[in-house]
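To start, the structure itself, in structure tokens.
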Amino acid sequence: MKKKNIWMNVNGEWHDLTVTLQDRLIDTLRDQIGLTGTKEGCGEGECGACTINLNGKAVLACLMLSVQADGAQVTTIEGLQNGTDLHPLQTAFLTESAVQCGYCTPGMIMAGHALIKQNPDPDKTTVKTCLANNLCRCTGYEQPVKAVLKAAGEMRRKIK
Ligand code: FES
Ligand code: FES
């Protein structure tokens, strides 16, 4: 099977990787780099569990080939925490009880992260629309939406 060397910056660290042309980004992140925070649900672009940020945008790692991420800046859920300090999104998901089984949580948070980067002051409808691509069987969506809104407010306050 044909292999290719690629470079990828993941959570601020460059990785020199050898992948096949068929390797999916989710597998490279989880199996080669060991970042298992990104979850696989459907594996076919329907559930959003595998959402990561690539060059600042939310993408589905199960639908991307690793070679498509050559030279890219990738952020996974592991990249949000600063030492022992949780990211405001992680804190808000906890304090707003937006985590139940937790399987969808990394994808939800990464979707929210990309949204807040693009729109630091999203309204409730915008957050709902954003999270609609992330299936959650437990929370009923109200708490994750509240958590993203709360985190966005927190992040705006920090910038001021
Ligand atoms: S695992 Fe990627 S969208 Fe479901
Ligand atoms: S918290 Fe269980 S699927 Fe969302």
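The values are calculated or read from the model by the stated rules, or taken from the named source; none is laboratory data. Note that the structure is a prediction, hence the values are computed from the model and not measured. Positions of Cβ are generated from backbone atoms using ideal geometry, with glycine treated the same way; all protein chains shown enter the neighbour counts.
Structure values in brief
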{"read-out": "Residue match in segment 100-116 (condition: more than 15 Å from the chain's Cα centre (by Cα), outside the structural domain of residue 41 (by TED's automatic domain parsing) and at negative phi)", "value": "yes"}
{"read-out": "Selected residue (criterion: nearest to ligand 2 (Cβ to nearest atom)) from residues of segment 115-160 that are free of Cβ contacts under 8 Å to residues at least 24 places away in the same chain and of a type in the set (Lys, Arg)", "value": "128"}
{"read-out": "Given (1) within 15 Å of the chain's Cα centre (by Cα); (2) in the same structural domain as residue 143 (by TED's automatic domain parsing); (3) not acidic (Asp, Glu), index of the condition residue 95 fails", "value": "(1)"}
{"read-out": "Subset of segment 133-146 [surrounded by fewer than 12 Cβ atoms within 10 Å (Cβ to Cβ) and within 16 Å of ligand 1 (Cβ to nearest atom)]", "value": "137"}
{"read-out": "Qualifying residue in segment 3-11 (condition: under 12 Å from the mean Cα position of the chain (by Cα), outside any strand (DSSP E or B) and within 16 Å of ligand 1 (Cβ to nearest atom))", "value": "no"}
{"read-out": "Residue 49 being under 15 Å from the mean Cα position of the chain (by Cα), at pLDDT 95 or above and more than 16 Å from ligand 2 (Cβ to nearest atom)", "value": "no"}
{"read-out": "Selected residue [more than 16 Å from ligand 2 (Cβ to nearest atom) and under 13 Å from the mean Cα position of the chain (by Cα)] from 73, 90", "value": "73"}
{"read-out": "Single residue of segment 12-48 satisfying the filter (under 26 Å from residue 83 (Cβ atoms) and small (Gly, Ala, Ser)) that is farthest from ligand 1 (Cβ to nearest atom)", "value": "12"}
{"read-out": "Output for segment 66-86, where each listed residue is buried (at least 18 other Cβ atoms within 10 Å of the Cβ) and free of Cβ contacts under 8 Å to residues at least 60 places away in the same chain", "value": "77, 80"}
{"read-out": "Members of segment 22-40 that are part of a loop (DSSP other than H, G, I, E, B) and either buried (at least 22 other Cβ atoms within 10 Å of the Cβ) or without any contact (Cβ under 8 Å) to a residue 40 or more places away in the chain (or both)", "value": "33, 34, 36, 38, 40"}
{"read-out": "Hey, residue 62 buried (at least 17 other Cβ atoms within 10 Å of the Cβ) and touching a residue at least 12 places away in the same chain (Cβ under 8 Å) or not", "value": "yes"}
